[in-house]
1. Might you check whether a residue that is within 13 Å of LEU399 (Cα to Cα), modelled with pLDDT of 95 or more, away from the ligand (no atom under 16 Å from the Cβ) and not acidic (Asp, Glu) occurs anywhere in the stretch 269-276?
2. Do we find a residue being surrounded by fewer than 16 Cβ atoms within 10 Å (Cβ to Cβ) and touching a Leu at 6+ places or on another chain (Cβ under 9 Å) anywhere in the stretch 459-474?
3. In the stretch 94-108, is there at least one residue being closer than 17 Å to HIS214 by Cα, within 16 Å of the ligand (Cβ to nearest atom) and surrounded by 24 or more Cβ atoms within 10 Å (Cβ to Cβ)?
4. I'd like the full set of residues that are assigned to a loop (DSSP other than H, G, I, E, B), under 16 Å from ARG282 (Cβ atoms) and not hydrophobic (A, V, I, L, M, F, W, C), limited to the stretch 195-240.
5. If you scan the stretch 294-339, which residues turn out to be in contact with an Asp or Glu (Cβ under 9 Å, 6 or more places away or on another chain), part of a loop (DSSP other than H, G, I, E, B) and over 16 Å from VAL388 (Cβ atoms)?
6. Determine the pairs where a residue that is free of Cβ contacts under 8 Å to residues at least 40 places away in the same chain and over 13 Å from PHE349 (Cα atoms), located within the stretch 367-384, has a partner that is polar (S, T, N, Q) and away from the ligand (no atom under 11 Å from the Cβ) with Cβ atoms under 6 Å apart, the partner being 6 or more residues away or on another chain.
7. When you look at THR111, is it β-branched (Val, Ile, Thr) and touching a Pro at 6+ places or on another chain (Cβ under 7 Å), yes or no?
8. Tell me whether the stretch 111-124 contains one or more residues that are surrounded by fewer than 24 Cβ atoms within 10 Å (Cβ to Cβ) and either of a type in the set (A, V, I, L, M) or not in a loop (DSSP other than H, G, I, E, B) (or both).
Amino acid sequence: MPIREISTRPYNDQKPGTAGLRKKVAVFQQPHYLENFLQSIFDVESGLRGQSLVIGGDGRYYNREAIRIAIAMAAANGIARVIVGQGGLLSTPAASHLIRLRRAGGGLIFTASHNPAGPDGDFGLKYNVASGGQATEALTARIYEHSRTIQRYRIVEGADIDIDRRGVQKLEECEIEVIDGVADYAALMQSLFDFDRIRDWLRNGHRLRFDAMHAVTGPYAQRILVETLGAPPDAVDNGSPLEDFGGGHPDPNLIYARPLVELAQRADAPDLIAASDGDGDRNMILGRGIFVSPGDSLALLAEHLHKLPGYRDGLRGVARSMPTSRAVDRVARALNVECHETPTGWKFFTQLFDAGRLTLCGEESFGTSSSHTREKDGLWAVLAWLNVLAATGRSVRELVEAHWRRFGRHYYARHDYEGLPSSAALRVLQTLTDANAHLVGKSFGEWTVTQADEFSYRDPVDGSLAVNQGLRVIFGERARIVLRQSGTGTEGAVLRLYLERYENRETALDWNPADALAPLAHIAEECAHIAELTGRRAPSLVT
Ligand code: G16
(Lines give C-alpha, C1' and ligand atoms only; values in the text may rest on other atoms or scores of the structure.)
Protein backbone atom coordinates (compact mmCIF):
# COMPACT_ATOMS: atom_id res chain seq x y z
CA MET A 1 0.00 0.00 0.00
CA PRO A 2 1.64 3.20 -1.14
CA ILE A 3 2.06 6.32 0.95
CA ARG A 4 0.62 9.11 -1.17
CA GLU A 5 1.01 12.83 -0.98
CA ILE A 6 -2.28 14.43 -1.96
CA SER A 7 -2.67 18.06 -3.05
CA THR A 8 -5.21 20.08 -1.14
CA ARG A 9 -6.38 23.63 -0.51
CA PRO A 10 -7.08 25.36 2.82
CA TYR A 11 -10.59 25.78 4.18
CA ASN A 12 -9.77 28.70 6.49
CA ASP A 13 -12.50 27.88 9.02
CA GLN A 14 -10.64 25.38 11.21
CA LYS A 15 -10.22 27.50 14.31
CA PRO A 16 -10.73 25.32 17.39
CA GLY A 17 -13.10 26.59 20.09
CA THR A 18 -13.33 25.90 23.84
CA ALA A 19 -12.82 22.18 23.28
CA GLY A 20 -11.29 21.45 19.90
CA LEU A 21 -12.67 21.70 16.39
CA ARG A 22 -16.46 21.27 16.37
CA LYS A 23 -18.58 21.50 13.24
CA LYS A 24 -21.60 19.96 11.56
CA VAL A 25 -20.95 16.45 10.20
CA ALA A 26 -21.48 17.77 6.67
CA VAL A 27 -18.61 20.20 7.14
CA PHE A 28 -16.26 17.41 8.20
CA GLN A 29 -17.40 15.33 5.21
CA GLN A 30 -16.19 17.89 2.65
CA PRO A 31 -13.30 16.59 0.55
CA HIS A 32 -9.98 16.78 2.44
CA TYR A 33 -11.51 18.73 5.36
CA LEU A 34 -10.57 16.28 8.11
CA GLU A 35 -7.33 15.40 6.31
CA ASN A 36 -6.27 19.07 6.24
CA PHE A 37 -6.72 19.45 9.97
CA LEU A 38 -5.02 16.15 10.80
CA GLN A 39 -2.06 16.99 8.57
CA SER A 40 -1.82 20.39 10.27
CA ILE A 41 -1.49 18.57 13.61
CA PHE A 42 1.15 16.17 12.25
CA ASP A 43 3.12 19.02 10.66
CA VAL A 44 3.05 21.30 13.71
CA GLU A 45 3.63 18.45 16.17
CA SER A 46 6.56 16.98 14.27
CA GLY A 47 7.82 15.42 17.51
CA LEU A 48 5.06 12.81 17.18
CA ARG A 49 7.18 10.95 14.61
CA GLY A 50 8.42 7.68 16.05
CA GLN A 51 6.00 7.86 18.97
CA SER A 52 2.68 6.27 19.92
CA LEU A 53 -0.62 7.97 19.22
CA VAL A 54 -3.92 7.15 20.97
CA ILE A 55 -7.02 7.30 18.76
CA GLY A 56 -10.67 6.90 19.74
CA GLY A 57 -14.00 8.63 19.80
CA ASP A 58 -17.45 8.73 21.32
CA GLY A 59 -19.00 6.45 18.69
CA ARG A 60 -21.11 9.08 16.98
CA TYR A 61 -21.91 9.13 13.27
CA TYR A 62 -18.70 9.50 11.17
CA ASN A 63 -16.52 8.21 14.05
CA ARG A 64 -15.45 5.05 12.25
CA GLU A 65 -14.71 6.80 8.97
CA ALA A 66 -12.72 9.55 10.73
CA ILE A 67 -10.71 6.93 12.62
CA ARG A 68 -9.99 5.05 9.40
CA ILE A 69 -8.60 8.25 7.88
CA ALA A 70 -6.65 9.15 11.03
CA ILE A 71 -4.98 5.74 11.18
CA ALA A 72 -4.01 5.87 7.50
CA MET A 73 -2.55 9.36 7.94
CA ALA A 74 -0.76 8.50 11.19
CA ALA A 75 1.00 5.62 9.44
CA ALA A 76 1.99 7.93 6.56
CA ASN A 77 3.33 10.55 8.96
CA GLY A 78 5.83 8.39 10.78
CA ILE A 79 3.81 7.42 13.88
CA ALA A 80 5.36 4.22 15.26
CA ARG A 81 2.28 2.83 17.00
CA VAL A 82 -1.40 3.69 17.00
CA ILE A 83 -3.38 2.57 20.04
CA VAL A 84 -7.06 2.52 19.17
CA GLY A 85 -10.11 1.59 21.23
CA GLN A 86 -11.99 -1.45 19.96
CA GLY A 87 -14.86 -0.37 17.70
CA GLY A 88 -13.27 3.08 17.70
CA LEU A 89 -14.65 3.77 21.16
CA LEU A 90 -12.78 5.63 23.89
CA SER A 91 -14.36 7.99 26.36
CA THR A 92 -12.56 11.32 26.65
CA PRO A 93 -11.24 10.64 30.19
CA ALA A 94 -10.24 7.08 29.25
CA ALA A 95 -8.31 8.40 26.22
CA SER A 96 -6.55 10.96 28.39
CA HIS A 97 -5.60 8.24 30.88
CA LEU A 98 -4.36 5.97 28.10
CA ILE A 99 -2.08 8.66 26.67
CA ARG A 100 -0.45 8.96 30.09
CA LEU A 101 -0.39 5.26 30.87
CA ARG A 102 1.17 4.27 27.55
CA ARG A 103 3.45 7.33 27.41
CA ALA A 104 2.06 8.23 24.02
CA GLY A 105 3.10 11.40 22.22
CA GLY A 106 -0.53 12.48 22.11
CA GLY A 107 -4.04 11.46 21.17
CA LEU A 108 -6.85 12.22 18.73
CA ILE A 109 -10.31 12.16 20.28
CA PHE A 110 -13.24 12.33 17.89
CA THR A 111 -16.18 13.88 19.67
CA ALA A 112 -18.52 16.84 19.74
CA SER A 113 -19.18 16.05 23.39
CA HIS A 114 -22.83 16.50 24.34
CA ASN A 115 -23.86 18.01 20.99
CA PRO A 116 -26.41 15.88 19.09
CA ALA A 117 -25.09 13.26 16.66
CA GLY A 118 -26.16 11.68 13.37
CA PRO A 119 -25.79 12.77 9.74
CA ASP A 120 -27.35 16.16 10.55
CA GLY A 121 -25.64 16.45 13.92
CA ASP A 122 -22.21 17.59 15.01
CA PHE A 123 -18.76 16.08 14.82
CA GLY A 124 -15.50 17.16 16.36
CA LEU A 125 -11.84 16.50 16.97
CA LYS A 126 -9.69 17.24 19.98
CA TYR A 127 -5.95 16.90 19.99
CA ASN A 128 -4.49 16.00 23.38
CA VAL A 129 -0.78 16.19 24.14
CA ALA A 130 1.57 13.83 25.95
CA SER A 131 0.43 14.98 29.40
CA GLY A 132 -3.06 13.70 28.49
CA GLY A 133 -4.50 17.21 28.46
CA GLN A 134 -5.97 19.21 25.62
CA ALA A 135 -3.58 21.18 23.46
CA THR A 136 -2.95 24.64 24.85
CA GLU A 137 -4.41 27.77 23.24
CA ALA A 138 -0.99 28.59 21.78
CA LEU A 139 -0.63 25.16 20.18
CA THR A 140 -4.14 25.12 18.73
CA ALA A 141 -3.48 28.59 17.34
CA ARG A 142 -0.37 27.27 15.56
CA ILE A 143 -2.31 24.30 14.17
CA TYR A 144 -5.04 26.64 12.95
CA GLU A 145 -2.52 28.97 11.30
CA HIS A 146 -0.97 25.99 9.53
CA SER A 147 -4.39 24.82 8.30
CA ARG A 148 -4.77 28.16 6.50
CA THR A 149 -1.86 27.53 4.19
CA ILE A 150 -1.86 23.76 3.83
CA GLN A 151 -1.12 22.46 0.34
CA ARG A 152 -0.76 18.69 0.73
CA TYR A 153 -1.32 15.81 3.12
CA ARG A 154 0.11 12.32 3.49
CA ILE A 155 -1.95 9.15 3.69
CA VAL A 156 -1.53 5.40 3.18
CA GLU A 157 -3.82 4.62 0.31
CA GLY A 158 -6.21 1.71 0.57
CA ALA A 159 -5.42 1.08 4.24
CA ASP A 160 -7.70 -1.60 5.60
CA ILE A 161 -7.51 -1.91 9.38
CA ASP A 162 -10.11 -3.89 11.31
CA ILE A 163 -10.79 -1.77 14.40
CA ASP A 164 -13.21 -4.35 15.82
CA ARG A 165 -10.51 -7.02 16.20
CA ARG A 166 -8.26 -6.74 19.25
CA GLY A 167 -4.55 -7.24 18.69
CA VAL A 168 -1.78 -5.78 16.57
CA GLN A 169 -2.03 -5.20 12.82
CA LYS A 170 0.63 -3.62 10.64
CA LEU A 171 0.25 -0.71 8.25
CA GLU A 172 3.50 0.11 6.46
CA GLU A 173 6.01 0.65 9.30
CA CYS A 174 3.29 1.46 11.83
CA GLU A 175 1.83 -0.99 14.36
CA ILE A 176 -1.90 -0.57 14.93
CA GLU A 177 -2.91 -1.98 18.31
CA VAL A 178 -6.64 -2.39 18.87
CA ILE A 179 -7.32 -2.58 22.61
CA ASP A 180 -10.15 -3.11 25.05
CA GLY A 181 -10.95 0.57 25.66
CA VAL A 182 -12.49 -0.04 29.09
CA ALA A 183 -9.96 -2.22 30.95
CA ASP A 184 -7.26 0.35 31.83
CA TYR A 185 -9.80 2.94 32.85
CA ALA A 186 -11.67 0.46 35.04
CA ALA A 187 -8.41 -0.52 36.77
CA LEU A 188 -7.68 3.15 37.45
CA MET A 189 -11.10 3.62 39.06
CA GLN A 190 -10.54 0.56 41.20
CA SER A 191 -7.29 2.07 42.46
CA LEU A 192 -9.01 5.30 43.55
CA PHE A 193 -12.20 4.13 45.21
CA ASP A 194 -13.24 1.64 47.85
CA PHE A 195 -14.97 -0.87 45.61
CA ASP A 196 -15.62 -3.30 48.51
CA ARG A 197 -17.48 -0.65 50.42
CA ILE A 198 -19.55 0.37 47.40
CA ARG A 199 -20.32 -3.31 46.74
CA ASP A 200 -21.54 -3.70 50.34
CA TRP A 201 -23.61 -0.55 50.05
CA LEU A 202 -25.34 -1.96 46.99
CA ARG A 203 -25.71 -5.39 48.60
CA ASN A 204 -27.41 -3.75 51.58
CA GLY A 205 -30.26 -2.69 49.34
CA HIS A 206 -29.19 0.75 48.19
CA ARG A 207 -30.03 1.46 44.59
CA LEU A 208 -28.33 3.25 41.72
CA ARG A 209 -29.50 4.38 38.29
CA PHE A 210 -27.01 5.53 35.67
CA ASP A 211 -28.12 6.84 32.29
CA ALA A 212 -25.48 6.39 29.58
CA MET A 213 -27.72 8.19 27.05
CA HIS A 214 -26.77 5.74 24.26
CA ALA A 215 -23.34 7.31 24.18
CA VAL A 216 -19.82 6.17 24.99
CA THR A 217 -20.13 5.48 28.75
CA GLY A 218 -22.44 2.47 28.26
CA PRO A 219 -19.65 -0.14 28.07
CA TYR A 220 -17.72 1.55 30.91
CA ALA A 221 -20.77 1.65 33.19
CA GLN A 222 -21.68 -1.94 32.35
CA ARG A 223 -18.17 -3.21 33.19
CA ILE A 224 -17.65 -1.13 36.33
CA LEU A 225 -21.08 -0.66 37.88
CA VAL A 226 -22.72 -3.94 36.91
CA GLU A 227 -19.97 -6.52 36.34
CA THR A 228 -17.50 -5.30 38.98
CA LEU A 229 -19.59 -3.60 41.66
CA GLY A 230 -22.59 -5.90 41.38
CA ALA A 231 -25.32 -3.39 40.57
CA PRO A 232 -28.27 -5.10 38.85
CA PRO A 233 -28.28 -4.86 35.01
CA ASP A 234 -31.19 -2.40 35.03
CA ALA A 235 -29.04 0.07 37.00
CA VAL A 236 -27.59 1.14 33.63
CA ASP A 237 -30.06 2.76 31.23
CA ASN A 238 -29.48 3.31 27.51
CA GLY A 239 -26.21 1.42 27.80
CA SER A 240 -25.60 0.60 24.13
CA PRO A 241 -23.73 3.30 22.19
CA LEU A 242 -25.59 4.34 19.02
CA GLU A 243 -24.32 6.48 16.14
CA ASP A 244 -27.11 9.01 16.65
CA PHE A 245 -27.21 8.61 20.44
CA GLY A 246 -30.75 7.26 19.97
CA GLY A 247 -31.84 10.63 18.59
CA GLY A 248 -31.36 12.14 22.04
CA HIS A 249 -29.31 14.99 23.34
CA PRO A 250 -26.69 13.46 25.61
CA ASP A 251 -26.22 16.59 27.68
CA PRO A 252 -27.01 15.69 31.27
CA ASN A 253 -28.77 18.72 32.71
CA LEU A 254 -32.20 19.66 34.04
CA ILE A 255 -33.66 19.96 30.55
CA TYR A 256 -32.16 17.11 28.52
CA ALA A 257 -32.18 14.65 31.40
CA ARG A 258 -35.76 15.51 32.39
CA PRO A 259 -36.78 11.83 32.94
CA LEU A 260 -34.07 11.53 35.59
CA VAL A 261 -35.29 14.65 37.34
CA GLU A 262 -38.78 13.16 37.38
CA LEU A 263 -37.46 9.83 38.64
CA ALA A 264 -35.67 11.63 41.49
CA GLN A 265 -38.97 13.11 42.61
CA ARG A 266 -40.62 9.73 43.20
CA ALA A 267 -40.84 8.38 46.73
CA ASP A 268 -39.28 5.11 45.59
CA ALA A 269 -36.46 6.78 43.64
CA PRO A 270 -33.02 5.12 43.68
CA ASP A 271 -30.50 6.46 46.22
CA LEU A 272 -28.21 7.84 43.51
CA ILE A 273 -29.31 8.85 40.03
CA ALA A 274 -26.65 9.97 37.58
CA ALA A 275 -25.87 10.49 33.92
CA SER A 276 -22.95 11.26 31.67
CA ASP A 277 -22.73 12.88 28.25
CA GLY A 278 -21.74 11.90 24.70
CA ASP A 279 -18.02 11.44 25.30
CA GLY A 280 -18.21 10.56 28.99
CA ASP A 281 -16.63 13.65 30.49
CA ARG A 282 -19.66 15.34 32.06
CA ASN A 283 -21.78 14.18 34.99
CA MET A 284 -25.12 14.92 36.58
CA ILE A 285 -25.92 13.90 40.14
CA LEU A 286 -29.33 13.53 41.76
CA GLY A 287 -30.60 11.87 44.90
CA ARG A 288 -34.07 11.04 46.15
CA GLY A 289 -35.91 14.37 46.04
CA ILE A 290 -32.86 16.45 45.17
CA PHE A 291 -30.78 17.69 42.23
CA VAL A 292 -27.19 18.52 43.10
CA SER A 293 -25.99 21.52 41.12
CA PRO A 294 -22.50 21.10 39.62
CA GLY A 295 -21.15 23.83 41.90
CA ASP A 296 -22.55 22.13 44.99
CA SER A 297 -21.30 18.75 43.79
CA LEU A 298 -17.78 20.15 43.44
CA ALA A 299 -17.92 21.77 46.88
CA LEU A 300 -19.27 18.66 48.52
CA LEU A 301 -16.65 16.42 46.93
CA ALA A 302 -13.98 18.86 48.14
CA GLU A 303 -15.40 18.49 51.64
CA HIS A 304 -15.43 14.68 51.62
CA LEU A 305 -12.75 13.58 49.17
CA HIS A 306 -10.15 12.76 51.82
CA LYS A 307 -12.41 9.91 52.97
CA LEU A 308 -11.78 8.04 49.69
CA PRO A 309 -8.75 5.75 49.27
CA GLY A 310 -7.11 7.59 46.37
CA TYR A 311 -7.26 10.92 48.21
CA ARG A 312 -6.31 10.04 51.79
CA ASP A 313 -3.49 12.60 51.75
CA GLY A 314 -6.03 15.40 51.34
CA LEU A 315 -6.28 18.06 48.68
CA ARG A 316 -3.34 19.98 47.20
CA GLY A 317 -5.65 22.60 45.80
CA VAL A 318 -8.99 23.08 44.11
CA ALA A 319 -10.13 25.07 41.09
CA ARG A 320 -13.25 26.16 39.29
CA SER A 321 -13.93 28.09 36.12
CA MET A 322 -14.87 31.72 36.67
CA PRO A 323 -18.62 31.37 35.95
CA THR A 324 -18.90 28.34 38.28
CA SER A 325 -20.49 28.99 41.68
CA ARG A 326 -18.11 30.04 44.44
CA ALA A 327 -19.32 27.27 46.78
CA VAL A 328 -16.01 25.41 46.53
CA ASP A 329 -14.08 28.54 47.56
CA ARG A 330 -15.63 28.30 51.04
CA VAL A 331 -14.57 24.68 51.45
CA ALA A 332 -11.07 25.54 50.26
CA ARG A 333 -10.88 28.30 52.87
CA ALA A 334 -12.03 25.92 55.61
CA LEU A 335 -9.47 23.32 54.49
CA ASN A 336 -6.81 25.96 54.02
CA VAL A 337 -5.93 24.89 50.48
CA GLU A 338 -5.30 26.92 47.30
CA CYS A 339 -8.38 27.78 45.24
CA HIS A 340 -7.92 28.83 41.61
CA GLU A 341 -10.38 30.66 39.39
CA THR A 342 -9.71 29.94 35.72
CA PRO A 343 -11.36 30.82 32.40
CA THR A 344 -13.90 28.40 30.92
CA GLY A 345 -12.16 25.48 29.20
CA TRP A 346 -10.65 22.42 30.79
CA LYS A 347 -7.19 23.13 29.40
CA PHE A 348 -6.67 25.83 32.03
CA PHE A 349 -6.92 23.22 34.79
CA THR A 350 -4.46 20.83 33.21
CA GLN A 351 -1.58 23.25 33.60
CA LEU A 352 -2.29 23.39 37.34
CA PHE A 353 -2.58 19.60 37.58
CA ASP A 354 0.73 19.15 35.77
CA ALA A 355 2.35 21.59 38.18
CA GLY A 356 1.05 19.60 41.16
CA ARG A 357 -1.09 22.52 42.38
CA LEU A 358 -4.45 20.82 42.09
CA THR A 359 -6.32 17.71 43.23
CA LEU A 360 -9.92 18.53 42.34
CA CYS A 361 -11.67 20.91 39.96
CA GLY A 362 -14.97 21.48 38.25
CA GLU A 363 -17.20 23.65 36.14
CA GLU A 364 -20.81 24.76 36.05
CA SER A 365 -21.23 22.89 32.75
CA PHE A 366 -21.42 19.58 34.64
CA GLY A 367 -17.72 18.77 34.52
CA THR A 368 -15.77 17.52 37.53
CA SER A 369 -12.50 15.65 37.82
CA SER A 370 -9.33 15.10 39.77
CA SER A 371 -5.63 14.70 39.23
CA HIS A 372 -6.10 11.06 38.10
CA THR A 373 -6.53 12.17 34.47
CA ARG A 374 -6.29 15.39 32.46
CA GLU A 375 -9.89 15.63 31.33
CA LYS A 376 -13.13 15.96 33.16
CA ASP A 377 -14.54 12.57 34.03
CA GLY A 378 -18.23 11.71 34.29
CA LEU A 379 -17.98 8.19 35.69
CA TRP A 380 -15.26 9.24 38.11
CA ALA A 381 -17.69 11.76 39.61
CA VAL A 382 -20.42 9.12 39.88
CA LEU A 383 -18.06 6.69 41.59
CA ALA A 384 -16.80 9.43 43.91
CA TRP A 385 -20.39 10.13 44.96
CA LEU A 386 -21.11 6.43 45.37
CA ASN A 387 -18.05 6.10 47.55
CA VAL A 388 -19.00 9.13 49.67
CA LEU A 389 -22.51 7.70 50.14
CA ALA A 390 -21.11 4.32 51.12
CA ALA A 391 -18.44 5.79 53.40
CA THR A 392 -20.74 8.17 55.27
CA GLY A 393 -23.91 6.07 55.27
CA ARG A 394 -25.88 9.23 54.55
CA SER A 395 -28.25 10.00 51.69
CA VAL A 396 -27.56 12.53 48.95
CA ARG A 397 -30.11 14.90 50.47
CA GLU A 398 -28.66 14.58 53.97
CA LEU A 399 -25.16 15.26 52.70
CA VAL A 400 -26.17 18.32 50.67
CA GLU A 401 -28.28 19.80 53.45
CA ALA A 402 -25.52 19.28 55.99
CA HIS A 403 -23.16 21.02 53.56
CA TRP A 404 -25.49 24.02 53.23
CA ARG A 405 -25.90 24.27 57.00
CA ARG A 406 -22.15 24.31 57.44
CA PHE A 407 -21.10 26.53 54.55
CA GLY A 408 -24.26 28.31 53.40
CA ARG A 409 -25.93 27.83 50.02
CA HIS A 410 -25.03 29.20 46.59
CA TYR A 411 -28.18 29.50 44.51
CA TYR A 412 -27.17 29.17 40.91
CA ALA A 413 -28.58 29.13 37.39
CA ARG A 414 -27.39 29.49 33.84
CA HIS A 415 -29.59 31.09 31.19
CA ASP A 416 -28.66 30.23 27.60
CA TYR A 417 -29.67 32.28 24.58
CA GLU A 418 -28.97 29.96 21.67
CA GLY A 419 -28.78 30.46 17.91
CA LEU A 420 -28.44 34.26 18.04
CA PRO A 421 -27.18 36.27 15.09
CA SER A 422 -23.64 37.09 16.11
CA SER A 423 -24.30 40.81 15.69
CA ALA A 424 -27.01 40.63 18.39
CA ALA A 425 -24.74 38.69 20.75
CA LEU A 426 -21.98 41.25 20.23
CA ARG A 427 -24.36 44.13 20.90
CA VAL A 428 -25.38 42.59 24.24
CA LEU A 429 -21.77 42.05 25.25
CA GLN A 430 -20.87 45.59 24.25
CA THR A 431 -23.82 47.00 26.19
CA LEU A 432 -22.71 45.30 29.38
CA THR A 433 -19.09 46.28 28.75
CA ASP A 434 -20.18 49.91 28.47
CA ALA A 435 -22.41 49.65 31.55
CA ASN A 436 -19.60 48.04 33.56
CA ALA A 437 -17.55 51.22 33.31
CA HIS A 438 -20.05 52.95 35.61
CA LEU A 439 -21.43 50.17 37.79
CA VAL A 440 -19.08 50.02 40.76
CA GLY A 441 -20.77 51.52 43.81
CA LYS A 442 -24.18 51.55 42.15
CA SER A 443 -27.06 49.98 44.10
CA PHE A 444 -30.02 48.09 42.71
CA GLY A 445 -32.25 48.03 45.78
CA GLU A 446 -30.38 46.00 48.38
CA TRP A 447 -27.74 44.91 45.85
CA THR A 448 -24.60 47.03 45.58
CA VAL A 449 -21.98 46.44 42.89
CA THR A 450 -18.47 46.06 44.31
CA GLN A 451 -16.68 45.09 41.10
CA ALA A 452 -17.57 45.18 37.39
CA ASP A 453 -15.05 44.08 34.79
CA GLU A 454 -13.98 41.62 32.15
CA PHE A 455 -12.27 38.55 33.51
CA SER A 456 -8.69 37.90 32.49
CA TYR A 457 -6.40 35.21 33.78
CA ARG A 458 -2.69 35.10 34.29
CA ASP A 459 -1.65 31.44 34.37
CA PRO A 460 0.37 30.98 37.57
CA VAL A 461 2.42 28.22 35.94
CA ASP A 462 3.58 29.66 32.63
CA GLY A 463 2.64 33.30 33.10
CA SER A 464 0.50 33.42 29.94
CA LEU A 465 -2.41 35.84 29.89
CA ALA A 466 -5.93 34.97 28.70
CA VAL A 467 -8.11 38.04 28.13
CA ASN A 468 -11.80 38.57 27.27
CA GLN A 469 -12.90 35.63 29.40
CA GLY A 470 -16.36 36.88 30.38
CA LEU A 471 -18.00 39.97 31.82
CA ARG A 472 -18.81 40.00 35.50
CA VAL A 473 -20.79 42.14 37.89
CA ILE A 474 -19.98 41.29 41.49
CA PHE A 475 -22.00 42.17 44.57
CA GLY A 476 -19.37 41.31 47.16
CA GLU A 477 -19.78 37.85 48.69
CA ARG A 478 -23.52 37.99 48.18
CA ALA A 479 -24.01 37.59 44.45
CA ARG A 480 -22.59 37.64 40.94
CA ILE A 481 -23.82 38.06 37.40
CA VAL A 482 -21.60 36.74 34.60
CA LEU A 483 -22.09 37.00 30.85
CA ARG A 484 -20.02 35.35 28.15
CA GLN A 485 -20.27 33.89 24.69
CA SER A 486 -20.03 30.11 24.36
CA GLY A 487 -17.06 28.64 22.54
CA THR A 488 -18.70 25.31 21.69
CA GLY A 489 -21.84 26.15 19.72
CA THR A 490 -22.04 25.19 16.04
CA GLU A 491 -25.12 27.20 15.05
CA GLY A 492 -25.14 30.97 15.47
CA ALA A 493 -23.88 32.59 18.64
CA VAL A 494 -24.78 31.36 22.12
CA LEU A 495 -24.85 33.76 25.05
CA ARG A 496 -24.65 32.40 28.57
CA LEU A 497 -25.86 34.42 31.53
CA TYR A 498 -24.87 33.00 34.91
CA LEU A 499 -26.59 34.05 38.14
CA GLU A 500 -25.33 33.28 41.61
CA ARG A 501 -26.61 34.27 45.05
CA TYR A 502 -25.20 33.26 48.40
CA GLU A 503 -27.32 32.77 51.54
CA ASN A 504 -26.28 31.45 54.92
CA ARG A 505 -29.35 32.22 57.00
CA GLU A 506 -31.04 29.01 58.17
CA THR A 507 -34.40 30.30 56.89
CA ALA A 508 -32.99 30.92 53.41
CA LEU A 509 -31.54 27.49 52.73
CA ASP A 510 -34.53 25.91 51.00
CA TRP A 511 -35.88 28.59 48.76
CA ASN A 512 -36.84 27.86 45.19
CA PRO A 513 -33.71 28.70 43.12
CA ALA A 514 -35.67 30.58 40.44
CA ASP A 515 -37.25 32.81 43.10
CA ALA A 516 -33.96 33.34 44.89
CA LEU A 517 -32.32 34.42 41.62
CA ALA A 518 -35.16 36.53 40.20
CA PRO A 519 -33.78 39.86 41.50
CA LEU A 520 -30.43 39.16 39.84
CA ALA A 521 -32.10 38.26 36.55
CA HIS A 522 -33.81 41.67 36.63
CA ILE A 523 -30.55 43.48 37.32
CA ALA A 524 -28.88 41.60 34.46
CA GLU A 525 -31.63 42.72 32.09
CA GLU A 526 -31.36 46.29 33.32
CA CYS A 527 -27.61 46.35 32.60
CA ALA A 528 -27.28 44.20 29.47
CA HIS A 529 -30.69 44.63 27.77
CA ILE A 530 -30.67 41.06 26.52
CA ALA A 531 -34.40 40.84 25.79
CA GLU A 532 -34.42 44.18 24.04
CA LEU A 533 -31.33 43.56 21.91
CA THR A 534 -32.02 39.95 20.98
CA GLY A 535 -35.79 40.04 20.73
CA ARG A 536 -35.90 37.01 23.02
CA ARG A 537 -38.33 37.35 25.90
CA ALA A 538 -36.79 34.41 27.74
CA PRO A 539 -33.68 32.25 27.53
CA SER A 540 -33.90 29.16 25.34
CA LEU A 541 -32.54 27.02 28.15
CA VAL A 542 -32.27 27.37 31.91
CA THR A 543 -30.06 24.91 33.76
C1 G16 B 1 -16.25 22.15 26.88
C2 G16 B 1 -15.06 22.50 27.71
C3 G16 B 1 -15.49 22.95 29.08
C4 G16 B 1 -16.52 24.05 28.98
C5 G16 B 1 -17.67 23.62 28.09
C6 G16 B 1 -18.70 24.71 27.83
O7 G16 B 1 -16.88 21.02 27.41
O8 G16 B 1 -14.18 21.40 27.84
O9 G16 B 1 -14.38 23.38 29.78
O10 G16 B 1 -17.05 24.36 30.23
O11 G16 B 1 -17.15 23.21 26.85
O12 G16 B 1 -18.11 25.71 27.10
P13 G16 B 1 -18.93 26.90 26.49
O14 G16 B 1 -19.65 27.55 27.63
O15 G16 B 1 -17.87 27.75 25.87
O16 G16 B 1 -19.91 26.33 25.50
P17 G16 B 1 -17.35 19.80 26.49
O18 G16 B 1 -17.99 18.83 27.43
O19 G16 B 1 -18.33 20.42 25.50
O20 G16 B 1 -16.11 19.32 25.83
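The values are calculated or read from the model by the stated rules, or taken from the named source; none is laboratory data. Bear in mind that the values here come from a model prediction, so they are computed numbers and not experimental data. So basically every Cβ, Gly included, is an ideal-geometry build from the backbone, and we count neighbours across all protein chains shown.
1. Yes - at least one qualifying residue is present in the stretch 269-276.
2. So far as the stretch 459-474 goes, yes, one or more of its residues are surrounded by fewer than 16 Cβ atoms within 10 Å (Cβ to Cβ) and touching a Leu at 6+ places or on another chain (Cβ under 9 Å).
3. No, the stretch 94-108 contains no residue that is closer than 17 Å to HIS214 by Cα, within 16 Å of the ligand (Cβ to nearest atom) and surrounded by 24 or more Cβ atoms within 10 Å (Cβ to Cβ).
4. HIS214, ASN238
5. ARG316, MET322, PRO323, THR324, SER325, ARG326 - these are the residues of the stretch 294-339 that are in contact with an Asp or Glu (Cβ under 9 Å, 6 or more places away or on another chain), part of a loop (DSSP other than H, G, I, E, B) and over 16 Å from VAL388 (Cβ atoms).
6. Sorted first by the residue in the stretch 367-384, then by its partner, the list stays empty.
7. Against the criterion (β-branched (Val, Ile, Thr) and touching a Pro at 6+ places or on another chain (Cβ under 7 Å)), THR111 does not qualify.
8. No: zero hits.
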